[in-house]
Ligand code: SAM
Ligand code: DTB
Ligand code: SF4
């Protein structure tokens, strides 16, 4: 099913269906476009850690807070190549490099990121970077270096965003996505659940993604990883049924996108992960670390996929 007009009311009508109806529709949409046994795997590396000027309430890397993160300068290419090789050996098909920047500045650090992209591509991996805001010429430089995906999350609804971040706004995020798309990059764009947002906010985020002229090929759904020292450290536990409704609705309204069960898997039961895969999540972060926190272990992922008769793409 390809939806032509997706607004918040249409998304709500899907999101709030009785669960068995929602699940059946999501599973059907998944099978129409994808092999339901296959899971795509991406591995993350933080190439510039901490010291960020922004104040995103969920993030360990804001310079405005004291967290477990020790700031580190931009990584050397050799270090990135070694990590990318290890990711490939671990079965990942995409390597995602994250920088704790408000945005890209022209100059030597950006040139080094371009060299990282070329080096990752040479290993036969898809490349992805997340560097904060981008200007059009920077998106074009990334494209010319061979970048496959630009990750830039909307994170939540337009309405809730100012409660989470005060140093940039929703339109800044949309502008960067538009520059990346205009340069011909594929988009990885999703959000975070479990930040105290309402169901309306989750529905509005889904509608925002689905209404994009050219929606993201890759949609990460992060469950907040609570970080000591951040305003969202004391998050109350999140209702797993809301996570499943979010995944299933995304699968229905974005039938051709990979939906990633992203951060927070280390804290999820195998039962919850399995249900999310059944409902249409077909991508994960694999490898022992996310950016600054632990991920679900590679061997437990392998055991889960073997038990389910599923496999990595
Ligand atoms: N500075 C860039 C930016 O803000 O786009 C790139 C790095 S930032 C860490 C990338 C994304 O990671 C955020 O947009 C958010 O979706 C996710 N993220 C960061 N910290 C998280 C946390 N504690 N729990 C869940 N997701 C998180
Ligand atoms: C995304 O959607 N999630 C990733 C990646 N894109 C950059 C980051 C998750 C970070 C989790 C918390 C941490 O490790 O600091
Ligand atoms: Fe900086 Fe990105 Fe973290 Fe926000 S999410 S504080 S922009 S690294």
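Could you work out the equivalent-ellipsoid semi-axes for segment 238-282, taking the square root of 5 times each eigenvalue of the Cα gyration tensor, largest first, in whole Å?
Ellipsoid semi-axes (Å, largest first): 17, 11, 9.
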Estimated 222 nm signal from helices in the chain, with DSSP H stretches of n ≥ 4 weighted -39500 (n - 2.57), rounded to 500
-12000 deg cm²/dmol
extent check for segment 59-166: Cα max minus min per principal axis, descending, whole Å, gives 41, 33, 28
Which of 134, 298, 254 ends up with the largest GNM mean-square fluctuation for the chain, with Cα atoms connected below 10 Å?
298
Could you give me the percent of Cα pairs per 20 Å distance bin for the chain, shortest bin first, beginning at zero and ending with the bin that holds the maximum distance?
34, 62, 4
Per-bin percent of Cα-Cα distances, segment 1-55 [5 Å]
4, 12, 14, 15, 12, 10, 10, 15, 8, 0
In a Gaussian network model over the chain where Cα atoms closer than 10 Å are linked, find which of 272, 177, 290 has the largest mean-square fluctuation.
272
Which of the peptides 141-147, 92-98 is most tightly packed, and how do the rest follow, judged by the mean count of other Cβ atoms within 10 Å per residue?
92-98, 141-147
Of 214, 157, how do they rank once you tally other Cβ atoms within 10 Å and put the fewest first?
214, 157
Stretched fully, the stretch from residue 159 through residue 32 gains (0.36 nm per residue minus C-alpha distance, one decimal, in nm) 42.4 nm
Acute angle (nearest 10 degrees) that the helix 19-33 long axis makes with the longest principal axis of the chain, alpha-carbon atoms
60 degrees
Rank 179, 258, 152 by mean-square fluctuation in a GNM of the chain with C-alpha springs under 10 angstrom and give only the top-ranked residue.
179
Using a 7 Å offset from the Cα along the Cα-to-Cβ direction at both residue 144 and residue 67, what is the distance between the two label points in nm, to one decimal?
3.4 nm
Where the Cα atoms of segment 134-242 are projected onto their three principal axes, how long is each span, largest first, in whole Å?
44, 29, 21
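Taking the beta-carbon count within 10 Å as an exposure proxy, list 246, 167 from fewest neighbours to most. Could the numbers behind the result be given before it?
On the way: 246 25, 167 13.
If I rank by nearby Cβ atoms, fewest first, I get 167, 246.
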Please report the antiparallel percentage of DSSP beta bridges with both residues in the chain, rounded to the nearest 5.
5 percent
Quick one: 252, 203, fewest Cβ neighbours within 10 Å first, how do they rank?
203, 252
For segment 139-192, diffusion coefficient by Stokes-Einstein and Kirkwood Rh (Cα), 4 °C, 1.567 mPa s, µm²/s
110 µm²/s
By how many degrees, between 0 and 90 and to the nearest 10, does the Cα long axis of helix 170-182 differ from the longest principal axis of the chain?
80 degrees
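The numbers here are math on the coordinates, done by the rules we state, and not lab data. Bear in mind the structure is a predicted one, so any value in this text is a computation, not a measurement. Cβ: placed from backbone, ideal geometry, glycine included. Neighbour counts: every protein chain shown.
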